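Trainee: Take a look at the following structure, please.
The values are calculated or read from the model by the stated rules, or taken from the named source; none is laboratory data. In this text, all values refer to a predicted model and were calculated from it rather than measured experimentally. Here the Cβ positions follow ideal geometry from the backbone for every residue, glycine too, while neighbour counts run over all protein chains shown. Please note that ligands, DNA and RNA were not included when accessible areas were found on the heavy atoms of the full protein model with its side chains. Shrake-Rupley method; radii C 1.70, N 1.55, O 1.52, S 1.80 Å.
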Amino acid sequence: MKLLFSILAAVFFFSASAYAQDVNLGVIRAEAQKIPVTVFDISDEAGMKGLKDIARDVLNADLRRTQLFYLVDVEKLGIDIKVNSEPSKEVIKKMGSFGVSAAVWARLSLKGKELVLEGNLYDGVSGDNVMNKRYFGSEQLLRNMVHRFVDEIMLRYSGAKGIAGTRIAFVSDRSGDKEIYLMDYDGSNPKKITADRAIKLSPAWSPDGRWLAYTSYKDDNPDIYVLDLETSNRWKMLGFEGLNISPAWSPNGEHLAFTLSRDGNSEIYIVRRDGSDLRRLTYDPATDVSPSWSPNGREIVFNSDRGGTPQLYIMNADGTNARRLTFWGDYNTSPAWSPKGDKVAFVSRIDNRFRICTINPDGSFFMQLTDGKASDENPKWSPDGRHIVFSSNRNTRKDIYIMNADGSDAERLTSDGSNNASPSWSP
Amino acid sequence: MKRFLLVLIGVLVVGSLISFGCAKKVETAKDTKGADERVASAPTPAPEQGTKVDAPLVKESGVSTGLNDVYFDFDKSSIRDDAKSALQSSAKWLSSNPKAKIKIEGHCDERGTNEYNIALGEKRAEAAKKYLISLGVKADRLSTISYGEEKPQCKEQNEDCWQKNRRAHSTIVSK
């Protein structure tokens, strides 16, 4: 009896202490319960017009998009958040006593000609400063500095890399031609990165973020090009007769999967990154397009109309064991395997509209995420799997939107009056 | 035994309180506290020089040439009856212009997935080509390209317009 008790106590003690050493504590349950956080007013010692407002807006928006934090308005509790210097321990502990877990305070200053963003994180229970980081850069990089700060907070709480510093590639006709652009994950800083004045499609990031593969009609045929984002070098990787479309990098970046029609109809192939070892994976008289790899690289989900209507299929990465994934409806296309591997996002035609849906890779839990009068297309996952980017014509023209992975909080990222489509989220 | 259970429950309650307390606390990692970081913009390649793609050899053809557009149903690439007569007159034009080569473009309406539509457009162009071959046109006079939904003829969002875009369109490559 006594022995049994000792063993139980020992087991409990060790498991509890192992748990306590885990830095990522408290966030495991965040899906259900968000962490209450207060953001103090930003102290502005730089005195440059508008910067403080930008910093505050970006900070609040970034924290909200993490889906981890719940921003608490402590002014209702009689606590003044308008501070000119570091908030006192007492104020933070007072907030803590109301259940606010953490506080954030940032200060803008100048060092020479450079802007400095000092970001601080406080623990609501002890009132201690638990993170103090200074970010240096030009005034134009203020948004990036705030993104870095929030990603640092996110890393602290979740142990996972945040997405505030990520970017989205997309195709826009704003210049009159369908060119590829990059923008920040919140829609700011759009920049054109192609100018061949031909139709462009399907930008796809390599897992290390260095290469962007895409389809261009530059030489009067849909060919696949690769752009090195660091050197700006670009080259035609695949230029077979017929279609060279829908590129998708394998999770380790070693292979590219895509569609060719050189053998008479659309089939899925893979090739090594250096262009060697071209291999055909599908052998079917139907249309096989839009491959997307499972995160462990063992399987590929793709789109085929071999059963009479376009549906999703999963095959092993060597082309064997193809089996149908979707059975509901007569139009399921554009698959995107989630980075955690638990879901496949895709487009389904429901009541003559196109909707973003998800399904588990075993065929269970078909879920419709979007609704309304318009059509939504081209879903792609954020690298943390918490968001989906897609294009929609809900405001007449096609624009890029992001939403939470459960379909909530849709946010419009482009609104320049042109057509913006084919989004792809950077790693 | 009863006492043991009470103690066990007590331990569990206290334990869960401890772990709950920990859960709220933010760990301090000394290595990052006070760290400075220079922020640089992410690499963004300059767009390649805006050299215009060479004007294609292809010339637009009107109805007067006898090359007619061929129309399709949504998500279909089968040749409809009205398309057969259009292709028959195209074949007639090709036999009276024996040196002419044509390129058949496959197009789709804006609905559905871009990548799938590129493949569908190719099937439409190939279906038109196959039908012309069955009417006696030599295969080496016919080439195809698919534009999917990327080059719509009509840009409104209604069925009239969508029908105009679900087509195979022929252009003369050489005469």
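Trainee: Look through region A:94-104, keep the residues that are over 18 Å from A:E152 (Cα atoms) and either among the charged types (D, E, K, R) or buried (at least 19 other Cβ atoms within 10 Å of the Cβ) (or both), and return whichever of them is farthest from the chain's Cα centre (by Cα).
Mentor: It comes out as A:K94.
Trainee: A follow-up question, please. Just give me the residues in region A:350-395 being closer than 15 Å to A:V301 by Cα and not hydroxyl-bearing (S, T, Y), in sequence order.
Mentor: A:C357, A:I359, A:N360, A:P361, A:D362, A:G363, A:N378, A:P379, A:K380, A:W381
Trainee: Residues that are within 15 Å of A:W293 (Cα to Cα) and of a type in the set (K, R): which strands (runs of 3 or more DSSP E) entirely in region A:313-389 hold 1 or more of them?
Mentor: A:376-381
Trainee: Out of all the residues in region A:105-134, which are away from chain B (no Cβ under 11 Å) and open to solvent by less than 10 Å² (accessible area, probe 1.4 Å)?
Mentor: Selection gives A:W105, A:A106, A:L108, A:G127.
Trainee: Can you find even one residue in region A:266-281 that is open to solvent by less than 60 Å² (accessible area, probe 1.4 Å), under 20 Å from the mean Cα position of the chain (by Cα), at pLDDT 95 or above and closer than 25 Å to A:E377 by Cα?
Mentor: No, because not a single residue in region A:266-281 is open to solvent by less than 60 Å² (accessible area, probe 1.4 Å), under 20 Å from the mean Cα position of the chain (by Cα), at pLDDT 95 or above and closer than 25 Å to A:E377 by Cα.
Trainee: Among the candidates A:D57, A:D41, A:D62, single out the residue that is touching a His at 6+ places or on another chain (Cβ under 7 Å), at pLDDT 50 or above and within 29 Å of A:N144 (Cβ to Cβ). Break it down into steps so the answer makes sense when it comes.
Mentor: Working: A:D57 fails: touching a His at 6+ places or on another chain (Cβ under 7 Å); A:D41 fails: touching a His at 6+ places or on another chain (Cβ under 7 Å).
Residue meeting the stated conditions: A:D62.
Trainee: Can you pull out the strands (runs of 3 or more DSSP E) entirely within region B:77-175 that have at least 1 residues that are of a type in the set (D, E)?
Mentor: B:101-107
Trainee: Can I ask one more? With the structure loaded, tell me whether A:S334 is under 15 Å from A:P379 (Cα atoms), free of Cβ contacts under 8 Å to residues at least 24 places away in the same chain, among the hydroxyl-bearing types (S, T, Y) and surrounded by 20 or more Cβ atoms within 10 Å (Cβ to Cβ) or whether it fails that test. I'd like the intermediate steps shown before the answer.
Mentor: On the way: under 15 Å from A:P379 (Cα atoms): yes; free of Cβ contacts under 8 Å to residues at least 24 places away in the same chain: no; among the hydroxyl-bearing types (S, T, Y): yes; surrounded by 20 or more Cβ atoms within 10 Å (Cβ to Cβ): yes.
Against the criterion (under 15 Å from A:P379 (Cα atoms), free of Cβ contacts under 8 Å to residues at least 24 places away in the same chain, among the hydroxyl-bearing types (S, T, Y) and surrounded by 20 or more Cβ atoms within 10 Å (Cβ to Cβ)), A:S334 does not qualify.
Trainee: Considering only residues that are at the interface with chain B (Cβ under 8 Å from one of its Cβ atoms) and at pLDDT below 95, which ones fall in region A:232-264?
Mentor: Matches in region A:232-264: A:S232, A:R234.
Trainee: Looking at the structure I just gave you, is A:I92 more than 17 Å from A:R56 (Cα to Cα) and outside any strand (DSSP E or B)?
Mentor: Values: more than 17 Å from A:R56 (Cα to Cα): yes; outside any strand (DSSP E or B): yes.
Spelling it out, A:I92 is indeed more than 17 Å from A:R56 (Cα to Cα) and outside any strand (DSSP E or B).
Trainee: May I pose another question? Just one of the numbered conditions (1) modelled with pLDDT of 95 or more; (2) among the basic types (K, R); (3) within 23 Å of B:A40 (Cβ to Cβ) is not true of A:R174; which one?
Mentor: (3)
Trainee: Same structure, new question: Could you please find all residues in region B:118-136 being of a type in the set (A, V, I, L, M) and surrounded by fewer than 20 Cβ atoms within 10 Å (Cβ to Cβ)?
Mentor: B:I133, B:L135
Trainee: Being modelled with pLDDT of 95 or more and within 8 Å of another protein chain (Cβ to nearest Cβ) narrows it down to one of B:S146, B:S134, so name that one.
Mentor: B:S146
Trainee: Any chance you could count how many residues in region A:187-222 are among the β-branched types (V, I, T) and open to solvent by 20 Å² or more (accessible area, probe 1.4 Å)? Lay out the reasoning, then the answer.
Mentor: We begin by selecting, within region A:187-222, every residue among the β-branched types (V, I, T); these are A:193-194, A:199, A:215.
Add one more test, that the residue is open to solvent by 20 Å² or more (accessible area, probe 1.4 Å), and what stays is A:199.
Total meeting the criteria: 1.
Trainee: Tally the residues that are surrounded by fewer than 22 Cβ atoms within 10 Å (Cβ to Cβ) and over 15 Å from B:Y116 (Cα atoms), restricting the search to region A:251-265.
Mentor: So the answer is 8.
Trainee: Got a number for residues in region A:282-306 being open to solvent by less than 50 Å² (accessible area, probe 1.4 Å) and in a loop (DSSP other than H, G, I, E, B)?
Mentor: Residues meeting the conditions: 7.
Trainee: Let me ask something else about it. Taking the condition of being closer than 16 Å to A:P423 by Cα and within 14 Å of another protein chain (Cβ to nearest Cβ), how many residues in region A:356-382 meet it?
Mentor: 7
Trainee: Another question, if that's okay. Which condition does B:R111 not pass, out of (1) touching a residue at least 40 places away in the same chain (Cβ under 8 Å); (2) surrounded by fewer than 17 Cβ atoms within 10 Å (Cβ to Cβ); (3) within 13 Å of chain A (Cβ to nearest Cβ), if it passes all the others?
Mentor: Unmet for B:R111, out of (1) touching a residue at least 40 places away in the same chain (Cβ under 8 Å); (2) surrounded by fewer than 17 Cβ atoms within 10 Å (Cβ to Cβ); (3) within 13 Å of chain A (Cβ to nearest Cβ): (2).
Trainee: Here's something else I'd like to know. Of the residues that make up region A:165-187, is at least one within 9 Å of chain B (Cβ to nearest Cβ), free of Cβ contacts under 8 Å to residues at least 40 places away in the same chain and within 15 Å of A:D62 (Cβ to Cβ)?
Mentor: yes
Trainee: If A:D223 meets every condition in (1) under 21 Å from the mean Cα position of the chain (by Cα); (2) more than 11 Å from chain B (Cβ to nearest Cβ) apart from one, which number is that one?
Mentor: All conditions are met except number (1).
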